[in-house]
Structure formats: C-alpha cells, structure tokens
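J.: Got a structure here, written out as structure tokens. Questions coming.
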Amino acid sequence: MRQFSNRYMIIYSAVLVAVVAVVLSITAVALKPLQERNKEREQQQMILKAVGVDVPRQEVEKEYNRCIGQAYSDDSLMYYYYDFDNRDGIILPLCGTGLWGPIWGYLAIDKSGAIVGAVFDHKGETPGLGGEIASDKFAQQFIGKRITDSDGHVKPVRLKKSADHSSPFEVDAISGGTMTSNGVNDMLAADLAKYKDLIEGGVQ
C-alpha cells in the first residue's frame, strides 16, 4: 500500500479545502438572485395578506402589481398604499424586538384611521406562546380597531391581558407571551409615532 508523506497530505487537504470553498462561493453567488427574489415575494405576500388578499406564491407578483403601490413620506419613510376593488388606504411596515429576536409586520389602514387588516411574523419567538403573533387569530383582533382618537391624533392599539373588546384601542395580549406582547406594544408605539405626520395629515 502506497504511503503518503505528511507534506503531501497537508498540501492535498489545503487544495481540497480551497476547491470546496470556491465551489460553495460560486453556488452562493449563483443562488443569491433567486434567494432575493423569494424574499421579495414573501414580503409582497405579507403585504397583500394585510389587506385580505391571500394568494399562493406563484400568483403574488400579479396581484401585488394590481393592488399595491409604494411611496415615501416627506421624511423619506417608506410605506405602501392599496387601491383595488373600491378600497384604498395605506399600509405601514412595522419592525421591533420580541423576547428572542426580531418581530415585524404590516398594518393596513383606511382613510378614516381604522385598521382593515394586519399581519405579523417573528424570527425566534416560542411556538405556542410568543410565536402566536404570526397566527391569523392574533392578527384578526386588529381589524376594526383604530390608530387615531376622536381628534385625529395618533393613538396606538395596545395589547392587554384583560382587554376591553369594546375599546377601539385594545386587543388581547398573548397568553404566556408577556415579553412578546410588550415587544408588539413597543413596536406599534414607536413605528406609528414615526408616521405621525402622515397619519394625522389624513390618509390620502
């Protein structure tokens, strides 16, 4: 049986590692456009869902172009607007921090300041607890609630343990997910404050 020197084995291993690294780099570069496209379609799917349009991934682009537009406020904050089937208003992106990592979502609002839809997601919240923010049941609580008071000033919806369901500004907190609920409250308060001028100026 042929014996190889230590020097040969070191050189062979180094070359093999280099070849594998090059192959992996080429693969990553080749797949990046597809990954970015999938990420974009996932985002579009969430935005559509916020206004009640739930479509499979292959139909997202067509429906998104039909229903959704993109705009910037005076201070360069990006938001979206929807205009289809005699419905129109704006969609605000939300981004915050839960118990274990990022949380995010979209809030769709009509011209009166009423919430017509919402969708949320997370990166690492506990399944069955904080992870419930990604459920339809949680998001549907927001429909019909408001983000402005009777004077037209911004007033965020709050998650509360014993929410008053008759209040236009309260929804049920997540059972067993106190930290995630607090994160959602902080996210709503902070991000709606950013869009205060846009909201109080009247949703166009």
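The values are calculated or read from the model by the stated rules, or taken from the named source; none is laboratory data. Computed from a predicted structure; not experimentally measured. Using ideal geometry, Cβ is built from the backbone for each residue, glycine included, and neighbour counts are taken over all protein chains shown.
J.: Pairs under 6 Å by beta carbon, first residue touching a residue at least 12 places away in the same chain (Cβ under 8 Å) in the stretch 170-194, partner of a type outside the set (S, T, N, Q) and assigned to a helix (DSSP H, G or I), six or more apart or different chains?
T.: Listed by first residue and then by second, the contacts come to 174/132; 177/130; 180/130.
J.: Still on this model: Which ones in the stretch 160-200 are more than 16 Å from residue 114 (Cβ to Cβ), exposed (fewer than 15 other Cβ atoms within 10 Å of the Cβ) and small (Gly, Ala, Ser)?
T.: Hits for the stretch 160-200 are 162, 175, 176, 190, 193.
J.: Name the residues in the stretch 1-30 that are modelled with pLDDT of 75 or more, of a type in the set (A, V, I, L, M) and loosely packed, with under 10 Cβ neighbours inside 10 Å, would you?
T.: none
J.: Which strands (runs of 3 or more DSSP E) sit wholly inside the stretch 109-194 and have at least 2 residues that are closer than 26 Å to residue 78 by Cβ and modelled with pLDDT under 95?
T.: Fully inside the stretch 109-194 and qualifying: 115-122.
J.: Could you list, in sequence order, all residues of the stretch 111-131 that are surrounded by fewer than 16 Cβ atoms within 10 Å (Cβ to Cβ) and out of contact with any strand residue (DSSP E or B) (no Cβ under 9 Å at 6 or more places or on another chain)?
T.: Answer for the stretch 111-131, where residues must be surrounded by fewer than 16 Cβ atoms within 10 Å (Cβ to Cβ) and out of contact with any strand residue (DSSP E or B) (no Cβ under 9 Å at 6 or more places or on another chain): 127, 128.
J.: If you go through the stretch 42-68, how many residues are crowded, with 16+ Cβ neighbours inside 10 Å and assigned to a helix (DSSP H, G or I)?
T.: Of the residues in the stretch 42-68, 11 are crowded, with 16+ Cβ neighbours inside 10 Å and assigned to a helix (DSSP H, G or I).
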